[in-house]
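I have placed the structure first, in the form of structure tokens, so that the comments after it can refer back to it.
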Amino acid sequence: LDGTAGIFFDGGIHMVYGLSKEGKTTAVIEILDKVKTHSIYWLDGDNNFNDKADGHRNINHFRPLKPNEWLDKLIASNVDLSNYVLIIDSLKNFVGAESMDTNDGMNAILHRMLDINRLGATMVIVHHATEKDSKAVLKGNKELIYSAMDITYIFKRDKDKNQRTLLADRSRVPDVESGMKFEFDNYSMSWTSPVKLPITSNSESPKEVSKW
């Protein structure tokens, strides 16, 4: 998508996960606010304050009263969503009666997201993580999540260094390989080109890449 520094792709389904209150939603809104070619809808199941969308004129802030039922109606409408970007915030609010703690439940949840993606929508799903050994760990069956997403990003914020990063935890998009990291530049107030990180246990082996 133009304006997203190569982070999000037209027609793709992406996940951004990280620890609670780290700023995942804020980062996603900042990135997508620069997109001029699509209508951006922030489906806010977390009922955030409007001030999070203030100053971001391209972001349409919408709070569905019954998020899961709203998604089902959208799927049933079979409308063309090829010019739309939908921010699902956060996944836990769009699960209905399904449980993210079971394989069957997570599979059903992800299939609903894929059904919307098949209507042409570019999707960015915000998802919470748990902390284990000082690391953010995906909630739910990570292999099911990896198989459903085009790119799965870990969002990290270092408050001491005033740094924010998006690490491609898993990707099947050729232009963003697993292990690539995007950083927010506090001087230019924009996200920078990716750099390659050392191989980690939950990332595929990154190949040699050049700076964008």
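The values are calculated or read from the model by the stated rules, or taken from the named source; none is laboratory data. Treat the numbers as computed from the prediction; the structure is a model and nothing was measured. No Cβ is skipped: glycine too gets one built from the backbone with ideal geometry, and neighbour counts run over all protein chains shown. Please note that ligands, DNA and RNA were not included when accessible areas were found on the heavy atoms of the full protein model with its side chains. Shrake-Rupley method; radii C 1.70, N 1.55, O 1.52, S 1.80 Å.
A few points about this structure:
Listed here are the residues, each with its yes/no results for (1) touching a helix residue (DSSP H, G or I) at 6+ places or on another chain (Cβ under 7 Å); (2) open to solvent by less than 60 Å² (accessible area, probe 1.4 Å).
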| site | (1), (2) |
| --- | --- |
| P64 | yes, yes |
| E69 | no, no |
| D72 | no, no |
| V79 | no, no |
| N83 | no, no |
| I87 | yes, yes |
| S90 | no, yes |
| G96 | yes, yes |
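- Qualifying residue in segment 160-177 (condition: surrounded by 13 or more Cβ atoms within 10 Å (Cβ to Cβ) and touching a Gly at 6+ places or on another chain (Cβ under 6 Å)): no
- Among the candidates M180, M113, residue that is closer than 21 Å to G96 by Cα, at pLDDT 90 or above and either open to solvent by less than 50 Å² (accessible area, probe 1.4 Å) or of a type in the set (F, W, Y) (or both): M113
Each row is one residue, and each column tells you yes or no for (1) more than 22 Å from K21 (Cα to Cα); (2) outside any loop (DSSP other than H, G, I, E, B); (3) at pLDDT 95 or above; (4) open to solvent by 90 Å² or more (accessible area, probe 1.4 Å).
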position	(1), (2), (3), (4)
H127	no, yes, yes, no
A136	no, yes, no, no
G140	no, no, no, no
I145	no, yes, yes, no
Y153	no, yes, yes, no
S188	yes, no, no, no
S193	yes, no, no, no
S201	yes, no, no, yes
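- Flag for D101 being open to solvent by 20 Å² or more (accessible area, probe 1.4 Å), among the charged types (D, E, K, R), in contact with a helix residue (DSSP H, G or I) (Cβ under 6 Å, 6 or more places away or on another chain) and not in a strand (DSSP E or B): no
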